[in-house]
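Taking it in order: structure first as structure tokens, then the write-up.
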């Protein structure tokens, strides 16, 4: 049986040797390789089938993210620990979406050693990659959420910076291009990603979504439906307008009001039992009913306020 392999890449010699000694002390039997290249081609590392790659990321290196994506976009992608100087949240997002399983400050050498050794020992570190022919992104996401998974889902192959972080099944952080939070989740829902990679037990480094997963996905799906129907959505850091059930109190006519109330309650009940498709259908019918009521001519004192989508 081949010994587990750890590659240490791009570190100054003194740092690389210190990390190697720490790993060998904590994980006897591991083969530690110190790279003699500035940055070995990903194919060379994958050929060695390493368990972990510990790589130093240097500030102002435009080619690093492309190299990291190429390394992790492989069937036998290694666990990747990126060691760097102080970075902000956006840079950390970019590294994680490109394939970094852990981003650790350069000064925290004990953490570097511990994470690298843990990447070889922990049998619960799961990896799942695949394609989605005929399966919408939102349907795939629901499967992972319903199973209570914790980890990160990344997009592969198209150069998109996109990642979803789950914790106990809830979506706690999302990134898509320059967007984050609910705005990014909307883009995940409305985009048919062809290839993905799931990596288990990767913790979110920050939180941008605070809703339970059913409510978060339904909100994003309703907003995506509105965008598809013609609403504009500029790619900014601000979240798009949030959809939800219409406000029943806005309708004063008893007939439409009672029907609207029934549809809203049916949608809420469907959401509680996890049937997102039914909830969206009920609320879409309720919103259409209210929009029709709003469009009817009425006296100024009886005018119905337009519901913000």
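Just to be sure I understand, how many residues within the range 124-162 are at pLDDT 70 or above and in a loop (DSSP other than H, G, I, E, B)?
Adding up the residues that qualify gives 7.
Consider residue 173 against the criteria (1) under 16 Å from residue 94 (Cα atoms); (2) out of contact with any helix residue (DSSP H, G or I) (no Cβ under 9 Å at 6 or more places or on another chain); (3) modelled with pLDDT of 75 or more: it satisfies all of them except one. Which criterion is unmet?
(2)
Just name the residue that is nearest to residue 140 (Cα to Cα) out of those in the range 275-309 that are at pLDDT below 60 and in contact with a helix residue (DSSP H, G or I) (Cβ under 9 Å, 6 or more places away or on another chain).
Applying the first criterion (at pLDDT below 60) to the range 275-309 yields 296-309.
Add one more test, that the residue is in contact with a helix residue (DSSP H, G or I) (Cβ under 9 Å, 6 or more places away or on another chain), and what stays is 303-307, 309.
On the way: 303: 43, 304: 39, 305: 37, 306: 34, 307: 31, 309: 26 Å.
If we take residues in the range 275-309 being at pLDDT below 60 and in contact with a helix residue (DSSP H, G or I) (Cβ under 9 Å, 6 or more places away or on another chain), then 309 is nearest to residue 140 (Cα to Cα).
For the range 179-219, which positions are assigned to a helix (DSSP H, G or I) and touching a strand residue (DSSP E or B) at 6+ places or on another chain (Cβ under 9 Å)?
Restricting attention to the range 179-219, the residues satisfying the condition of being assigned to a helix (DSSP H, G or I) are 182-190, 213-219.
Passing the criteria: 182, 183, 184, 185, 186, 187, 188, 213, 216, 217.
From (1) closer than 20 Å to residue 40 by Cα; (2) surrounded by 19 or more Cβ atoms within 10 Å (Cβ to Cβ), pick out the condition that doesn't hold for residue 97.
Answer for residue 97: the failing condition is (1).
The values are calculated or read from the model by the stated rules, or taken from the named source; none is laboratory data. Given the structure is predicted, the values throughout are model-derived calculations rather than measurements. Note that each Cβ is placed from the backbone with ideal geometry, even for glycine, and that neighbours are counted across all protein chains shown.
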